[in-house]
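See below for the structure under consideration.
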Amino acid sequence: MTVLAPSQVDMATSLAGFVAPNPVFTASGCAAAGRELAQFFDVAALGGVVTKSVMLAPRSGRPTPRMAETPSGMLNSIGLQGPGIDAFVADDLPWLLARGARAVVSIAGTSIDEYVALARALRGRPGVAMIEVNISCPNVADRGQVFACDPWAAARVIGAVREKAAPTVPVFAKLSADVTDIVAVARAVVQAGADGLSMVNTLLGMVIDPVTMRPALAGITGGLSGPAIRPVAVRCVWQVHQAMPEVPILGMGGIRTGLDALEFVLAGASAVSVGTAVFGDPGAPVRVLGELSAALAERGFDRVADAVGYAHR
Ligand SMILES: Cc1cc2nc3c(=O)[nH]c(=O)nc-3n(C[C@H](O)[C@H](O)[C@H](O)COP(=O)(O)O)c2cc1C
């Protein structure tokens, strides 16, 4: 086996027609629209910047406290705080485009109509490399049932977005691991037109403060992220890649190092997102990228694409 220098590894990756120069992205909600990270590194150095899920109208998110520490992770109930799609399109998207970053725009809604309106608002906008559809939102028309937990509801959202989005822009469905059979949801959204899958979103969790003897978060439950969820996320990527090896996956959940990222690639992810790790180490995405290319070189891979799904062989 020839050991290559990390710089000799071809890190380019293809996500349903969107070719990124490398497979390391930010994770939605952990770096807003990239501005906070720009003081630490060049956002164009990443494969892409996945923006915080944007909704139609501006929102202030949930009441505080909305973060709690957990063993090897954190619990958040930020809610979908943000400027709304008009401000996003006017300010954030041009900022990313001007820096040469590839924007993966995450959208979220509480009804199919809202998702459709968001997809329409993004159609034809320069700088949108991909749309990631966050379906871990309560469906107001179905007693707050989360879209991502119901294959039929998830498929309806994705089908509607795929129809309205520009045909050249890949649409990725972001799945939740809080389901009995993630492959069933993955199949449903792919049949409805998803070009790829992002997995996984935070897992539903809860912390009770032993001092107050009450839930630690004002929102009672929250989303668990960080290394604590990594084995669950790797399992989800593995199962879906096994069932549908042709569908590109953007994998995430507790990635802190290049070896963590490698695990996702070997399980079947064509690219990865780094989320919670940036709160402790804002430079984590670029560090992970360097470590991943070194890890691939050490293992004799001259292209990251050759390592995708390798653990299945
Ligand atoms: C504070 C915080 C906010 C998040 N906001 C969003 C969001 O707006 N949309 C979304 O799809 N995922 C959101 N996520 C989930 C992450 O994108 C990611 O799927 C999850 O945290 C697992 O990756 P990680 O362990 O690297 O953070 C958020 C996660 C955190 C910790």
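In terms of its C-alpha gyration tensor, region 1-125 has an oblate overall shape, because the principal axis ratio a/c (a ≥ b ≥ c, square roots of the eigenvalues) is not below 1.5 and a/b does not outweigh b/c. Relative contact order for the chain: 22 percent, from Cα pairs under 8 Å spaced at least 6 residues apart, divided by residue count. Ordering Ser111, Pro282, Ala44 by the projection of their Cα atoms onto the charge dipole of the chain, which places +1 on the Cβ of Lys and Arg and -1 on the Cβ of Asp and Glu, puts Ser111 at the extreme positive end. Summing charges over neighbours of Thr168, with a neighbour being any other residue whose Cβ is under 15 Å away from its Cβ, gives +3 when K and R count +1 and D and E count -1. Computed over protein heavy atoms with a 1.4 Å probe, the accessible surface of region 122-189 works out to 41 Å² per residue. Using a cutoff of 8 angstrom between alpha carbon atoms and counting only pairs six or more residues apart, the relative contact order for region 201-292 works out to 24 percent. Just report the Cα centroid separation between region 225-268 and region 294-309, whole Å. Computed from Cα coordinates, the inter-centre distance equals 16 Å. Each Cα pair under 8 Å and six or more residues apart adds its sequence gap; the mean of these over the residue count of region 89-143 is a relative contact order of 43 percent. For a test of the definition: using alpha carbon positions, the gyration tensor, and the 1.5 limit on a/c, classify region 154-313 as rounded, prolate or oblate. Oblate. Take 142-154, 164-176 and order them by the average number of nearby Cβ atoms within 10 Å per residue, most first; the result is 164-176, 142-154. For region 78-133, a simple Cβ point-charge model (Lys and Arg +1, Asp and Glu -1, everything else neutral) yields a dipole of about 260 debye relative to the Cα centre.
Put simply, the amide H of Arg59, placed in the peptide plane, has neighbours under 5 Å in Gly82, Gly84, leaving out anything fewer than 5 places away on its chain.
Can you check what the net charge comes to around Gln81, using other residues whose Cβ is under 13 Å from the Cβ of Gln81 (Lys, Arg +1; Asp, Glu -1)? Once all neighbours under 13 Å are counted, the net charge is +4.
Classify the chain as rounded, prolate or oblate from the Cα gyration tensor: take a ≥ b ≥ c as the square roots of its eigenvalues, call it rounded if a/c is under 1.5, otherwise prolate when a/b beats b/c and oblate if not. Rounded. For the chain, the mean residue ellipticity at 222 nm estimated from helices alone is -8000 deg cm²/dmol, where every DSSP H run of n ≥ 4 contributes -39500 (n - 2.57) and the total is divided by all residues, rounded to the nearest 500. Taking the average, over residues, of other Cβ atoms within 10 Å as the packing measure, peptides 240-249, 198-207, 90-99 rank 198-207, 240-249, 90-99 from highest down. For the chain, list the DSSP H helices whose alpha carbon atoms reach 18 Å or more along the long axis and whose average Kyte-Doolittle value is 0.5 or above? What comes out of the filter, once short or polar helices are dropped, is 284-298. Return the loop-located GluC sites (Glu not before Pro) in region 55-149 (DSSP other than H, G, I, E, B) with at most 15 other Cβ atoms within 10 Å of their own Cβ; answer none if there are none. For GluC sites (Glu not before Pro) across region 55-149 that sit outside H, G, I, E and B with at most 15 neighbouring Cβ atoms in 10 Å, the list is empty. Stretching Asp113 away from Met67 to a fully extended chain increases their span by 13.5 nm, per 0.36 nm per residue minus the current alpha-carbon distance.
The values are calculated or read from the model by the stated rules, or taken from the named source; none is laboratory data. Bear in mind the structure is a predicted one, so any value in this text is a computation, not a measurement. Methodologically, a virtual Cβ is constructed for each residue, glycine included, from the backbone with ideal geometry; neighbour enumeration extends over all protein chains shown. The area values use the complete protein model at the heavy-atom level, side chains included, leaving out ligands, DNA and RNA. Shrake-Rupley method; radii C 1.70, N 1.55, O 1.52, S 1.80 Å.
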